[in-house]
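The values are calculated or read from the model by the stated rules, or taken from the named source; none is laboratory data. This is a predicted model, so every value here is computed, not measured. Note that each Cβ is placed from the backbone with ideal geometry, even for glycine, and that neighbours are counted across all protein chains shown.
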Amino acid sequence: MTEADDAERLFLGTTAGEATYREALDRAVEAVVDAADRERPFSGRSPDALDALLDDGPVLPEEGVGLDAALDEVAERVLPHTVNVADERTAAHLHCPPMVPGLAAEVLLSATNQSLDSFDQSGAATLVERRVVDALADLFDLPDGADGVVTGGGTESNFQGLLLARNRYCADRFGRDVQSSGLPLAAKRLRVLCSEEAHFTAEQAAAHLGLGENAVVTVPTDDDRRMDPSALDATIADLRDRDHEPFALVGTAGTTDFGAIDPLDDLADRAADHDLWFHVDAAFGGALALGDERDRLAGVERADSLAVDFHKLFYQPISCGAFLVRDGAAFAHAARNAEYLNPADAAAPNLVQKSTRTTRRFDALKPYVAFRALGRERLAALVETTLDTADDAAALLADADDFDLLADPSLNTVVFRYRPDEDLTAGELDRFTRAVREALFNAGRAVVARTEVDGVAALKLTLMNPRTTLDDVAAVLDAIRDCARTVTAVRREVTA
Ligand SMILES: *Cc1c(COP(=O)(O)O)cnc(C)c1O
């Protein structure tokens, strides 16, 4: 085969390329369908066993094996040993089964390969993204003038919120343009406030922003793990006394473990009183805005910026998130003009100055197709189904003699422990719970998460799949019981 043949066959735009594309996609679709139809959520193979399985010839051979063979290898060796997100018993993380409208959109956006940094690499795609951003701003009742950009997820959105917050504060307070001149000396006094249950990306962002993780001050939470507004008042007063300068308040709408939603209205009041940028991390709970429980997000419309993940409860394939700002002009705090992408005199809508990235996928097409295809009510119903399943699962756990439910669900996570029939110290219970969760994963019968409550390991179900029923949950609990018995037997043998 000559180079010219390859160029004809490997790219769209010719009859030969089109044939290659159709065949390869048919093969890929078959592989996906087979992989979704497996008996267990995970094969349970160890990292070493998987490495050995893949260790069959160099990744980059002198001569390739051909596309059919390469795809078949993936279908045989890789996909069967990935975690099956389609399985009803995959219930560990905020890791959703992607819906078909998003999967179809993924085909369209990858093949057309638009880049959203400039209009001259994207055309209509840029306008679709702007419309998705506008629809999302409407969903959260942000005022006219709100704007946003599609991101890779909550990590990037939270970073961007704190980036704009820091630059805004330094400009107003110190007359410092951090973008051009770097941090002022006073930067060591800057502080970010969030609840003690907030996502670790607040600290990560503070580190990336040159403030250090210790610049994040956590505020105690109430019994429902929501930020306590009076504790926030006390924390702010204490920081002021010590000459620290809080500049941003992060409210969480849906903490990762317990789904707790901070009292956003109360937080917005404090942010207004103390000149704090109010960023709401709604990566998990933002989808409540679709349905009847939207009142639980009251105050979100007062946010200066907002993180929402489409790849969680909006059921879109990874990666897909959005960052919104109440006032689009705020993007100027971190914008730049590159002569080749968005010259200052350009009339075209170039999105590059709204993003922390340059080349950027047309991920907006996934929520666009899903929104248009299903509409708000059907999207809301999917989310509500999972909230109901979580409530039912919690009731099942509360009724069982051999499980302890550790909190009533707020969203669709359920945190609990298996209770062995002998008295264990906190340390023993911690080791036992870890061992049970590991045995479960290795057996491949269910994928549940491990977290920590009061310093002791606990188990967590994150019931993302709208197809998961209470019977599936019961099957997961039975699998946990079996693994707990095995772990107990091993423990007794060791201590005997
Ligand atoms: C998932 C999550 C994040 C991180 O988002 P990614 O999409 O994984 O980057 C941040 N905050 C919360 C509350 C989350 O649930």
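Matching residues to (1) of a type outside the set (S, T, N, Q); (2) buried (at least 21 other Cβ atoms within 10 Å of the Cβ); (3) over 30 Å from Arg176 (Cβ atoms); (4) touching a Phe, Trp or Tyr at 6+ places or on another chain (Cβ under 7 Å):
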{"residue": "His279", "(1), (2), (3), (4)": "yes, yes, no, no"}
{"residue": "Asp295", "(1), (2), (3), (4)": "yes, no, yes, no"}
{"residue": "Lys312", "(1), (2), (3), (4)": "yes, yes, yes, yes"}
{"residue": "Ala338", "(1), (2), (3), (4)": "yes, no, no, no"}
{"residue": "Ala347", "(1), (2), (3), (4)": "yes, no, yes, no"}
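Assuming Val308 fulfils every condition listed in (1) touching a His at 6+ places or on another chain (Cβ under 7 Å); (2) assigned to a strand (DSSP E or B) apart from one, which condition is it?
Checking Val308 against (1) touching a His at 6+ places or on another chain (Cβ under 7 Å); (2) assigned to a strand (DSSP E or B), the one that fails is (1).
Go through the residues of the range 242-262 one by one and say whether even a single one is over 14 Å from Glu197 (Cβ atoms), assigned to a helix (DSSP H, G or I) and more than 16 Å from the ligand (Cβ to nearest atom).
Scanning the range 242-262 turns up no residue that is over 14 Å from Glu197 (Cβ atoms), assigned to a helix (DSSP H, G or I) and more than 16 Å from the ligand (Cβ to nearest atom).
Suppose we filter the range 452-496 for residues that are assigned to a strand (DSSP E or B), of a type in the set (Val, Ile, Thr) and surrounded by fewer than 22 Cβ atoms within 10 Å (Cβ to Cβ); how many remain?
2
Where the second residue is basic (Lys, Arg) and surrounded by 20 or more Cβ atoms within 10 Å (Cβ to Cβ) and the first is over 19 Å from Arg450 (Cβ atoms) and lies in the range 84-98, which pairs have Cβ atoms under 7 Å and are six or more apart or on separate chains?
Close Cβ pairs satisfying both conditions: Cys96/Lys312.
Quick one: in the range 76-108, which of the residues that are assigned to a helix (DSSP H, G or I) and touching a Ser or Thr at 6+ places or on another chain (Cβ under 9 Å) is farthest from the ligand (Cβ to nearest atom)?
Per the stated criteria, the residue is Pro80.
Being assigned to a helix (DSSP H, G or I), out of contact with any helix residue (DSSP H, G or I) (no Cβ under 6 Å at 6 or more places or on another chain) and either surrounded by 24 or more Cβ atoms within 10 Å (Cβ to Cβ) or small (Gly, Ala, Ser) (or both), is that true of even one residue in the range 204-226?
no
So which residues in the range 314-334 are hydrophobic (A, V, I, L, M, F, W, C), more than 10 Å from the ligand (Cβ to nearest atom) and not in a helix (DSSP H, G or I), if there are any at all?
Residues satisfying the conditions are Phe314, Ala322, Phe323, Leu324, Val325.
When you scan the range 285-295, do you find a residue that is away from the ligand (no atom under 14 Å from the Cβ), assigned to a helix (DSSP H, G or I) and free of Cβ contacts under 8 Å to residues at least 40 places away in the same chain, even just one?
Scanning the range 285-295, I find at least one residue that is away from the ligand (no atom under 14 Å from the Cβ), assigned to a helix (DSSP H, G or I) and free of Cβ contacts under 8 Å to residues at least 40 places away in the same chain, so the answer is yes.
Looking at this structure, is Val132 within 21 Å of the chain's Cα centre (by Cα) and away from the ligand (no atom under 16 Å from the Cβ)?
Yes, satisfied.
Counting only residues that are at pLDDT below 95 and either of a type in the set (A, V, I, L, M) or touching a helix residue (DSSP H, G or I) at 6+ places or on another chain (Cβ under 7 Å) (or both), how many does the range 401-425 have?
2
Looking at Glu293, Glu245, which is the one that is in contact with a Leu (Cβ under 8 Å, 6 or more places away or on another chain), among the acidic types (Asp, Glu) and within 21 Å of Thr413 (Cα to Cα)?
Glu293
State which residue is farthest from the ligand (Cβ to nearest atom) when the search covers only the range 271-284 and only residues that are assigned to a helix (DSSP H, G or I) and out of contact with any strand residue (DSSP E or B) (no Cβ under 6 Å at 6 or more places or on another chain).
Step by step, filter the range 271-284, then rank; the result is Asp273.
Going by the structure shown, is Ala146 surrounded by fewer than 20 Cβ atoms within 10 Å (Cβ to Cβ) and away from the ligand (no atom under 15 Å from the Cβ)?
Taking the combined requirement at face value, the residue does not satisfy it.
Among the numbered criteria (1) surrounded by fewer than 24 Cβ atoms within 10 Å (Cβ to Cβ); (2) within 22 Å of Thr201 (Cβ to Cβ); (3) in contact with a Ser or Thr (Cβ under 8 Å, 6 or more places away or on another chain), which single criterion is violated by Gly321?
With respect to (1) surrounded by fewer than 24 Cβ atoms within 10 Å (Cβ to Cβ); (2) within 22 Å of Thr201 (Cβ to Cβ); (3) in contact with a Ser or Thr (Cβ under 8 Å, 6 or more places away or on another chain), Gly321 is out only on (1).
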